[in-house]
1. Using the structure shown, decide if residue 71 is in a helix (DSSP H, G or I) and either at pLDDT below 90 or farther than 13 Å from residue 141 by Cα (or both).
2. Every residue in region 137-173 that is within 25 Å of residue 104 (Cβ to Cβ) and free of Cβ contacts under 8 Å to residues at least 40 places away in the same chain, please.
3. Can you name the number of the only condition in (1) within 24 Å of residue 228 (Cβ to Cβ); (2) touching a residue at least 12 places away in the same chain (Cβ under 8 Å); (3) part of a loop (DSSP other than H, G, I, E, B) that residue 42 fails?
4. Being crowded, with 16+ Cβ neighbours inside 10 Å, closer than 17 Å to residue 201 by Cβ and at pLDDT below 90 narrows it down to one of 135, 131, so name that one.
5. Since residue 154 meets every condition but one in (1) over 26 Å from residue 58 (Cβ atoms); (2) outside any helix (DSSP H, G or I); (3) at pLDDT 85 or above, which condition does it not meet?
6. All but one of (1) modelled with pLDDT under 90; (2) farther than 23 Å from residue 28 by Cβ; (3) in contact with a helix residue (DSSP H, G or I) (Cβ under 8 Å, 6 or more places away or on another chain) hold for residue 214, so report the exception by its number.
7. Which one of these is farther than 30 Å from residue 172 by Cβ and surrounded by 20 or more Cβ atoms within 10 Å (Cβ to Cβ): 26, 33, 53?
8. State whether the residues of region 225-243 include one that is under 20 Å from residue 37 (Cβ atoms), buried (at least 24 other Cβ atoms within 10 Å of the Cβ) and in contact (Cβ under 8 Å) with a residue 24 or more places away in the chain.
C-alpha cells in the first residue's frame, strides 16, 4: 500500500511538472461549438460548459493542489517547529503563552472555518489561500513538537551534551530535532492530504484560486449544474482529489511503518 501511495504521488508530481507539455489542449481556451462533449478520442475526459478540455484542466489542477500542499505544510511546519520547540524546551511562561493561550485561540474555531474567514476578509487568491490554511494548521505541529521536545530534553545524551557546555541552540539543532523527525514526517504527509482537500473545498466555494486558473475544486463547482446531463464533469476532478488525498495518506502510513523502530523489530 505504501508503494502504491508513492507511485500515485509520483504520478501526480509528474502531471504537475509536465502539464504544459502533456496537456492536449489549452486549459483556458474556450470553444463553445464543442461544449459539453462526452469523452471521446479528441477529448479523453470530455469538455465543460465552455468547451474547455477537462483532461487539460485536470492536469493543470494538479499543479495548484500540490503547490498548496507543499507550501501550506512548509509554512505550518516551520511555525509549529519554532513555537513548539520554544514551548517544550524552555517551559514556564513561554509554554503557558504558546500552548495555553495562543494555541487555544486557534483551536477554538475549526480550521476550515478559520481559513474561510481569513480568505473572505483578505480576498481570494493563491497566496491568501496558502496563508489561510497555514494559519489554521500550525497548531497541530506546534503541539506535536512541544510534546516530543519535552520528552527528548530529559534524555541522558542531551544532559551529557549540556554538561559539556553545549548551547541551547546546539542542543535543539544537533541533539533534539534530528531525533523527533519521524513523527513530523508522518504528520507532514497527512497534513498535505488535508491541505489538498481544504484547497478543493475553498475553491469549490469560490474562495480559492480564481478563474481562469484550473483547480479541481472550481471544476467541481462548475459541474454542479450538469450533474445529471454530464456526470463526467464531476467524476474526473473528484477522482483526482480522492486519489491525491489517498496517495498522501498511504505515504504517511508507509513512513510511519518504515521509521517506527518497533515495526522494524517485528
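1. Details: in a helix (DSSP H, G or I): yes; either at pLDDT below 90 or farther than 13 Å from residue 141 by Cα (or both): yes.
The answer is yes for residue 71.
2. Step one: of region 137-173, the residues within 25 Å of residue 104 (Cβ to Cβ) are 137-153, 172.
Across region 137-173, the qualifying residues are 151, 152.
3. (2)
4. On the way: 131 fails: at pLDDT below 90.
Exactly one of 135, 131 is crowded, with 16+ Cβ neighbours inside 10 Å, closer than 17 Å to residue 201 by Cβ and at pLDDT below 90, namely 135.
5. With respect to (1) over 26 Å from residue 58 (Cβ atoms); (2) outside any helix (DSSP H, G or I); (3) at pLDDT 85 or above, residue 154 is out only on (3).
6. (2)
7. Values: 26 fails: surrounded by 20 or more Cβ atoms within 10 Å (Cβ to Cβ); 33 fails: surrounded by 20 or more Cβ atoms within 10 Å (Cβ to Cβ).
None of the other options fit; the residue is 53.
8. Narrowing region 225-243 to residues under 20 Å from residue 37 (Cβ atoms): 225-240.
Still in the list and also buried (at least 24 other Cβ atoms within 10 Å of the Cβ): 233, 237.
Now restrict to residues that are in contact (Cβ under 8 Å) with a residue 24 or more places away in the chain: 233, 237.
Yes: one or more hits.
The values are calculated or read from the model by the stated rules, or taken from the named source; none is laboratory data. Here the structure is a predicted model, which is why all the values come from computation and not from measurement. Heads up, the Cβs are rebuilt from the backbone with ideal geometry, glycines too, and the neighbour counts pull from every protein chain shown.
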